[in-house]
Each structure stands twice: as C-alpha cells, then as structure tokens.
Amino acid sequence: MDRPKKQGFRLSYLLLLLPFAAMLWVPSYNRVEPELAGIPFFYWYQLMWIVLGALILLPVFLGERE
Amino acid sequence: MSLNPVAVAIFIALFVFVTLLGFWASRWRRGDMSHLHEWGLGGRRFGTLVTWFLLGGDLYTAYTFVAVPALMFGAGATGFFAVPYTILVYPILFAVFPRLWSVAHKHGYVTAADFVRGRFGSRSLALAVAVTGIVATMPYIALQLVGMEVVIAGLGIPTTLAIGGMVIPEAPLLIAFVVLAAYTYNSGLRAPAMIAVVKDALLYITVLAAVIVIPAELGGYGAIFKAVDPKTLLLGASTPGNLGPQAAYATLGLGSALALLLYPHSVTGLLSSSSRAAVQRNAVILPAYSFALGLIALLGYMAVAAGVKADPAFASGFKAFGNNFAVPALFLKSFPAWFVGVAFAAIAIGALVPAAIMSIACANLFTRNIYKEFVAPAASHARETAVAKIVSLLVKLGALFFIIELPTQYAIQLQLLGGIWIIQTLPSVLLGLYTRKLHPTALLIGWAAGIGAGTAMAWANAFKSSIYALHVFGLTVPCYAALSSLILNLAVAAVLSAVIRTPHADATKAEDYALG
C-alpha cells in the first residue's frame, strides 16, 4: 500500500487545462445564439462544460491508476 | 405570512429525523472518540461515497443555494459565475489535493496549518494560516443561518417565542442551533456525514421536481428566459479601454475556485476520506452537485417569470430578506404544501451540514495550531479532543449571536472579505505541496501584503463588492480582489525567497506526497 507512485509529470495532466481555457475565455460564449430548447447559448454551454469537465478527469484518473 | 400547517408538519418531521440520526452517528464505524482524528476527521475512514455526500453537503451550502439564484434574480447573468467557479474547482482538486491527503496521512496532520508547520518548520506561518482559516470561516457559518431564517419565515412560523413574559427572539433558529451544537459535540464529523446523505436525497428530489414542474407551469424554458430583462441576460460587452463585466466574471470564477478548497471545512472533508483514490474519484463525481447548482441558479429566472416580487403574498418576505426570498417565494407559489415542507427542509438541513463541518474545522485549527502549539504543548489526546468539542460549541454560539444581534449585511460583507483572506494561504499550502524552496518568512510577508491589499480594495468599494478595477497600461480590468491580491502575495513571496537564503526545517520527504 505504502508504495510510492511513479514520480514526474504526466502528459495527460495537460487535459486538465482545457476547462480553464474554455471557461476563462468569456467572449467565446457570451451570446444568445444558438439557443437550445429556448435556453440561450451562454447558459447551456456552461452547463454542458460541467459534464465535459468531469469527463475530462476520467481518462486522467484511469491512466494514473494503471 | 400565514402558518402553513402541512408544510410545517413535514418540515418538523424531517428535522426531528436528522436530529436522531445526528446523535446516533457516534456509533457508526465506532472509534476511540477521545482522539481528535476520530472526533474531528471521522477516523479518516470515509470511503468514496460517504466523502461524496460529505463534501457535497459541505461545499454546496444552503447559503449558496439561496444566494446564487437570488443574485440571478436581481442581477442576471453575473450570478451564473457560480457555474464556471465550480467547474474549475475539480481539476484543482484532482491534481493538487491527493498530495495533501498523502502527506497528511503519513504525518497525522489534521489541518492545513499542521502541514505548513511541518513543511516549513515555522510556528508563526502556521499560526497565520490557522487564524486566517478561523476568521474566514466564522461569517460563513453565520450565513448558513440566513438560509435557515429565510425558510423558517417562509413557513410562517412565528420567530419570537414568549414564555411567561420573557420574549425570546429568533426562537426556532435558536432551537435548531442548540440541537445542532449538541449532536456535533457528541458525534463529531460523523454527524454531518450521515445527515448529508438525507440532505442530498431531499435536495436532488427538490431540484428535479423544480426544473420539471415549474417550467411546465410557466410555459417552458423559452418563456422563462424571455421574461428576463434582455440587458442582464448576457454580460455587458467590453470596450476598447475597458474589459468590463466579462473580466469580472472570469476572475470571480477563477479566484473563487482557488479559494474554495483552502477553506478549513474543505480540508477537513478531504482529509477525512480513507484513501488518495477516494479524493480523486470525488473530483470526478462531485460535479453532479455543480449541475444541480447550475439548475438551482436558473430558479432565479423562474422566480422572475413567476412574478413573485409583485405578488402581495410575498411582500413581507421580500421586505425582510430582500432577493434571498426569491426561491422560497417561488416554491410557495409553485408547489403543493407538502412538497414545500420537503423543499424547505432540504434548505434548512442543507444549512446544518456545512455549519457542523465548519465549526469542527475551526475547532481542529484552534486546538492543533493555537492551543497545543502555544498554550499546552503537553496536552493529552483526550484533553485535545475535549478542547476541540468546546470550541465547536463556542464557534456556533458566536455565529448565532452574530446573526441575531447584528444586521445580516455585516455577515455578507465579512464573508466576502473571508474569500479574499483565505486565498492568501495558497502560496503556503498549495505551492508548499510542490516546493520547499519558498522561505517561511517570505511567505509570511507575502501573506500580509495580500491581506492588506485585498482588504484595502474591498474597503475602497465600501465592502459592497469584491470587484476592483485595475488600470494596466491604460486598460481598465475589473478584477476579483482575491485574485489580484494573490498575485501580489505570490510576487512578494517569490522575490523575498530569492533574497532570504537561511535554511528552514522540513519534516516531510518528497515521496510522502505520492504515497497511495
């Protein structure tokens, strides 16, 4: 159990920067069109990123477990 | 507001149920309760699922669930910053906090200040981290009471109780908090962990019902967004000389995400989990709460579309609580009485969980990093735990006094300052997980510079807003004061670390941070 894990930087961790790029670039999503079921882009796009943010973590997590 | 008997009965029944659960919790995965890591960290035995409930109940507080839609209701798109905020928390949790879990597990650290003490061998830096944590958390506990106050008023329960000529103000709130204090004292972190399971079940049911039933009553999501003032539906555009509200939005999201996990209640929740993998798994599954929060934020717009503010039935509620009454009013208007009881119980119980964890976290900090460090270094485990239990009571009493005696506005302003203060521990705690090269004296001076600058910026805004406009080469950048003051803090700490070359003690080894 107390075995040190592989040290050093893993390339897959770069994936973790994607949510930052997407969310901090506000002008890319500060608009109404295209709407989804009456919901403006600004809102559904950010809600969608909650799911994407979690999905991005999954391969990084599984890669680390191996 | 008139008393709503069905809703009140359901509300009280659920409240009594979680109270029994809270007392029973001390028997759950029983440990030697005279040890602080048993009382204050649940014995570090919580698996992935319990950690998920605990952290979910802890990070997404009742106040959040009331205040975020209230901000959407009043100010529009700006209030939605809670969504990018909670999106950015999880990559940070995933990448950084397993290291804290590992080093804390190896060395028996209970608080972030314990770690700083070990990493940098500095009592004064550890004290700064501990005091910042306690001071930033106190108003946060007080604000949980606001969430509770709002739903109690919404149920029409009279708030003053007269017993034989003696008038007690805020009696329901007082009773709720005395009960909370009693089972937290008795069961420690196990109580909120168990109650969090009930709270979350109620919360998800409420959110699910709200996003299906209410839009159907209001004519669909299209109609809801059409009711919102088009001027606030999006963030204001930037101009050539001014980045405008979009910069404020981005910096608020990033700064809040960086600050959240530094709060003592976050650290307590993370360190109580049984493994490093449980922390990482939680980074993947906690966004489920973010999604619920995103939907709850939209309740603010549903309240606009439902026209609750113009409804005379809710005039007194809005008068007493401002826009924080928007969501309770929406529920009263849209749901049958029995479901109002369920939904309001979700909010009130949702206040108990974080209030318990925050008071435990403050108690851990006080006991480990002030009492044991400076007052009674020879204190036994049992003595340490006894002190922590009493401090958890005092902290809650303080919060109660605060909310009953002082205007709510003070708690809100202090909580705003709390975010600016807690982020100043980032260089010591988070960078400390990666490098020992920063010098404790440099970190302490950086911390002081950040606190000073951040507080000055909030003061310049008369403590009404945490967005302070910076002027960079002729460009105006509205920026969250926590973020800009953190940059100053980091710069000071880095420069002084290059100058101060005296070696410092370090009780940790590089491999301690990667132990699984």
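Read the figures in this text as sums done on the coordinates, not as results from a lab. Predicted, not measured: the structure shown is a model, and the values here were computed from it. Ideal geometry is used to build each Cβ from the backbone, glycine not excepted, and the neighbour counts take in all protein chains shown.
Taking each residue as 0.36 nm, the span from residue B:499 to residue B:95 lengthens on full extension beyond its C-alpha to C-alpha distance by 142.4 nm. Straight-line cross-link partners of residue B:333 among the aspartates and glutamates, defined as a Cα under 13 Å from its Cα and at least 8 positions apart when in the same chain: B:217, B:311.
Once both labels are positioned 7 Å from their Cα atoms along Cα-to-Cβ, the gap between residue B:393 and residue B:107 label points is 3.3 nm. Counted residue by residue at 0.36 nm each, then reduced by the alpha carbon distance between them, the extension gain from residue B:24 to residue B:315 reaches 100.7 nm. Mean residue ellipticity, 222 nm, helices only, chain B: the sum of -39500 (n - 2.57) across DSSP H runs of n ≥ 4, divided by residue count and rounded to 500, is -23000 deg cm²/dmol. For residue B:509, the aspartates and glutamates whose Cα falls under 20 Å of its own Cα, not counting residues fewer than eight places away in the same chain, are A:2, B:114. Projecting label points 7 angstrom from Cα along Cα→Cβ for residue B:49 and residue B:168 puts them 3.9 nm apart. Think of each Lys and Arg Cβ as +1 and each Asp and Glu Cβ as -1; about the Cα centre, that makes the dipole of segment B:96-209 roughly 640 debye.
3J(HN,Hα) along segment A:13-26: 5, 4, 4, 5, 7, 4, x, 5, 4, 5, 7, 7, 8, 4 Hz, from the Karplus curve 6.51 cos²θ - 1.76 cosθ + 1.60 with θ = phi - 60°, whole Hz, x for Gly and Pro. Note on residue B:205 and residue B:376: the extension gain reaches 56.8 nm, defined as 0.36 nm multiplied by sequence separation minus the Cα-Cα distance.
Here is the list for segment B:385-456: trypsin sites (Lys or Arg not before Pro) lying in DSSP coil, each with at most 13 other C-beta atoms within 10 angstrom of its C-beta, are B:437.
Remark: spin-label model distance residue B:475-residue B:455 equals 3.2 nm, labels positioned 7 Å along the Cα→Cβ axis. Counted as membrane-span-like here are DSSP H helices of chain B whose alpha-carbon atoms extend 18 Å or more along the helix's own axis and whose Kyte-Doolittle mean is 1.0 or above; these are B:5-24, B:62-75, B:123-154, B:171-187, B:190-218, B:287-305, B:337-365, B:381-405, B:440-460, B:481-499. The H on the amide N of residue B:479, modeled in the peptide plane, is under 5 Å from the matching H of B:468, B:469, B:470, each at least 5 residues off or on a different chain.
When the C-alpha to C-alpha distance is required to be over 23 Å, the pairs from B:199/B:396; B:226/B:319; B:106/B:389; B:396/B:464; B:106/B:199 that qualify are B:226/B:319; B:106/B:389; B:396/B:464; B:106/B:199.
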